[in-house]
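What follows draws every value from the coordinates through simple rules; no lab data is involved. None of the values given here were measured: they were computed from a predicted structure. All Cβ positions, glycine included, derive from the backbone under ideal geometry; neighbour counts span all protein chains shown.
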Amino acid sequence: MRVYLFIAAIAGGATWLLTPLVRHLAIRIGAVGEVRARDVHTVPTPRMGGLAMLLGFATAMFFAARIPFISGLFKTGHQAWVVLGGAVAICLLGMADDLWDLDWMLKLAGQLLVSVFVSWGGLQIISLPLGSLVTASPSLSMAITAFLIVASINAVNFVDGLDGLSSGIVAIGGIAFAIYSYVISRFSPSYASMATLIDVALVGICVGFLLHNWHPAKLFMGDSGSMLLGYLITCASIVVTGRLDPATIHTSIYLPAFMPILLPILVLFLPVLDMCLAIVRRLSKGQSPMHPDRMHLHHRMLRIGHSVQSAVLILWGWAALFSFGSLTILFVPVRYAMLGLAVAAALLTIATLFPYYLRRLPELRQENAQLAEARRAQQGPSAGGSGQGRARQ
């Protein structure tokens with residue numbers, strides 16, 4: 001565990017130190033995001049922070065290759081270097097978009113090429129821990145892997161709309177998945193785990209960048225950062241679940257058999273939900289799935305009445321609920337885990353809707369007062385008329 005914490009510290013420290021340099025570089029080459037109608041920020045801000053994250057991740061991987069405990073992961077195969085090569089390629093694609101605003105179809109084609117390269121290099125879903133389910137052919141395995149990578153890349157890209165939001169959500173998911181992959185690795189002959197290594201380095205670069213990206217952000221991660229984060233967290237999940245054989249681990253004691261499928265979904269539940277809602281919303285209006293709008297989850301939080309910081313913190317809370325909530329059943333009886341999740345969900349719901357009801361209560365009181373006054377005005381003349389009639393009789 002101390003080795004993994006050291007790798008996370010290396011990744012975070014390198015990212016934190018390199019981010020100011022990348023910011024100056026982004027300003028010099030013109031990678032500055034102009035204020036658009038859908039944006040929350042009000043001043044032009046440099047982007048391309050993904051380059052600092054990539055350098056931090058690469059630094060951590062090179063350090064890891066020289067640590068005896070996990071150096072065997074680099075000697076027994078080339079999976080680590082395939083992941084790093086794909087990270088470089090996806091970050092370069094994002095940097096091109098940060099500079100020149102690429103067409104969405106061109107960007108999607110680039111994502112597919114990188115995903116196919118990574119799956120061709122050996123990062124594939126060979127089997128899934130659902131009984132005897134095994135992919136039928138190498139081409140099908142590559143297709144499933146490429147689809148998952150592209151979907152996750154765009155899910156994180158969609159949710160990247162507030163300072164610190166996507167880096168915090170991915171860091172939370174990375175911590176949850178690192179814990180899970182570390183527990184799984186304890187049942188293997190060697191405790192070293194490529195998935196845990198990728199996850200802790202991912203958490204490190206997220207935290208290191210977040211120190212510069214908290215509102216008001218000095219630098220945006222841009223597409224180079226959001227696509228890199230989506231790519232890395234998916235690679236880690238594929239490494240740990242794509243070749244997992246439930247018969248080799250003690251599922252009856254610690255690891256429910258469905259967890260390898262459930263956890264990768266829940267780790268990115270919030271970004272995937274936002275992406276699915278956006279695609280359905282835009283297609284229903286006859287628009288392109290990539291057509292920008294101001295109807296994402298974070299935009300709705302601001303419309304309710306949250307500040308940028310409170311919206312980010314509450315969305316982090318929901319991400320933690322989905323990510324860590326699924327882990328609790330590994331260590332806590334299910335009934336207690338469900339009770340805790342229900343209480344946490346209720347508290348988060350109250351926190352989410354509190355500004356809305358705080359704003360609506362005075363409006364409701366005013367509406368009730370106007371309605372009561374209108375009723376009295378209607379009842380007044382009729383009561384007076386009946387009294388005059390009785391007097392004439």
Listed by chain and number, the residues whose amide H is under 5 Å from that of residue 161, excluding neighbours fewer than 5 places away on the same chain and using placed H, are 166
Run the reach check for residue 218 against aspartates and glutamates, Cα to Cα strictly under 12 Å, same-chain hits fewer than 8 apart removed. What comes back? 163
How high is the relative contact order of segment 2-350? Use alpha-carbon pairs under 8 Å, at least six apart in sequence, and give a whole percent. 24
Sorted by chain and then number, the residues having a modelled amide H within less than 5 Å of the amide H of residue 125, at least 5 places away or on another chain, are 145
Subtract the Cα-Cα distance of residue 376 and residue 294 from 0.36 nm times their separation in residues, and report this length gain in nm to one decimal. 25.2 nm
Placing each pseudo-label 7 Å from Cα in the direction of the beta carbon, residue 307 and residue 283 end up separated by a distance in nanometres of 3.9
Spin-label point model (7 Å from Cα, Cβ direction): what's the residue 367 to residue 353 distance in nm? 1.4
Please work out whether segment 1-96 counts as rounded, prolate or oblate from its C-alpha gyration tensor, where a ≥ b ≥ c are the square roots of the eigenvalues and a/c under 1.5 means rounded, while otherwise a/b larger than b/c means prolate and anything else oblate? prolate
